[in-house]
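Report on one structure; see the data block that follows.
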Amino acid sequence: MKKILFISLMASALLADISKVDAQKALIQNVIPNSKFIKYEKAVELDGFYRVYFDNGQLLYINPLNETIVFGEVWSKEGKSYTTHFVQKWKEELAKNELKNISIDKLLKPAKKAIFNKGTQNNYSFVLFTDPECPFCKTVEKFFSQNNTTVYYNFTPLPFHKNAKEWSEIALSSKDFKQALNDIHSENIPTVELTDAAKKQLEEMEILAKELKVEGTPKIYVIDEKEQKIVDVVNGADIPKLEKYIK
């Protein structure tokens, strides 16, 4: 009888905890009714607030009781940004989860391969989601071109770059892909006839980027050629992080 009573009390406590969690989630959702968040947790650095995490790698501080939202950085008195710290941890968690749900074949299927200098020398190749008008992409592409790398390009024209789609099609239509890239980066846009094959290839690249929720460029997937697996995702022009796979 005592055992049955103990189990009953445990079940009641568990249901109470679940109910409390659901209530907290509902209160947070009430503050941001049109936004979908992935998880939330109490923010010990900001009394009464929760850190609310989104699938784009960002977070908000929300107080569900007084319906307050804090945008921007939350700092400690020592000058440490709590926001930056937790955003970085969240992006790392998202990246790990992303690596579990994507295959190399899927990344490479629509991509355009480019070999720079001697090509891959350190077991690693790169799948680059790039926009030809993006200055940060230009920095990454210059870095790749100056090293021994194998890069698989997936063009991802961003909507606010008016020439990005056309320039992507020009590069894919050109007989010398790498030279076309150099010319485009120098704003010496090649004059070529756009091919149907290039347009179709770009469309497939854009579909893949949308499926992977690539909302900004550059984004780079690192492939271990020896192990045949994706080992890292690099967001932005993080040259120091890329260097460890080349040097």
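Taken together, the values in this text are just the output of simple stated rules run on the coordinates, not laboratory data. Quantities reported herein were computed from a predicted structural model and do not represent experimental measurements. Every residue, glycine as well, gets a Cβ built from its backbone with ideal geometry; the counts of neighbours run over all protein chains shown.
In the P(r) worked out for the stretch 104-243, what percent of Cα pairs fall beyond 26 Å? Here the tail beyond 26 Å accounts for 16 percent of pairs.
Computed from phi, the 3J(HN,Hα) profile of the stretch 47-53 under the Karplus parametrisation 6.51, -1.76, 1.60 (θ = phi - 60°) reads 4, x, 9, 10, 7, 10, 9 Hz, with x in place of Gly and Pro. For residue 158 and residue 67, what is the calculated FRET efficiency with R₀ set at 35 Å and r taken between the beta-carbons, to the nearest 0.05? The value I calculate is 0.55. Here the peptides 56-66, 163-173 are ranked by packing, the mean other Cβ count within 10 Å, and the order with the highest first is 163-173, 56-66.
Once the Cα-Cα distance is subtracted from the 0.36 nm per residue extended length, the residue 27 to residue 228 segment shows a gain of 67.9 nm.
Are there trypsin sites (Lys or Arg not before Pro) in the stretch 105-134 that DSSP marks as loop and that have at most 10 other Cβ atoms within 10 Å, and which are they?
118
3J(HN,Hα) along the stretch 106-117: 5, 5, 8, 3, x, 6, 9, 7, 9, 10, 9, 6 Hz, from the Karplus curve 6.51 cos²θ - 1.76 cosθ + 1.60 with θ = phi - 60°, whole Hz, x for Gly and Pro.
Projection of the Cα convex hull of the stretch 160-206, averaged over all directions and equal to a quarter of that hull's surface, yields 3.3 nm². Apply the Debye scattering formula to the chain, with a single equal point scatterer on each alpha-carbon and no solvent, then give log10 I(q)/I(0) at q = 0.07, 0.13, 0.16 Å⁻¹. With one equal scatterer per Cα and no solvent, log10 I(q)/I(0) is -0.35, -0.90, -1.13.
Residue-wise HN-Hα couplings along the stretch 211-219, as the Karplus relation 6.51 cos²θ - 1.76 cosθ + 1.60 with θ = phi - 60° gives them from phi, are 5, 8, 6, 7, 9, x, 10, x, 9 Hz; Gly and Pro carry x.
What shape does the stretch 30-100 take by its C-alpha gyration tensor, where a ≥ b ≥ c are the square roots of the eigenvalues and a/c under 1.5 counts as rounded, a/b above b/c as prolate, and the rest as oblate?
It comes out oblate by the Cα gyration axes.
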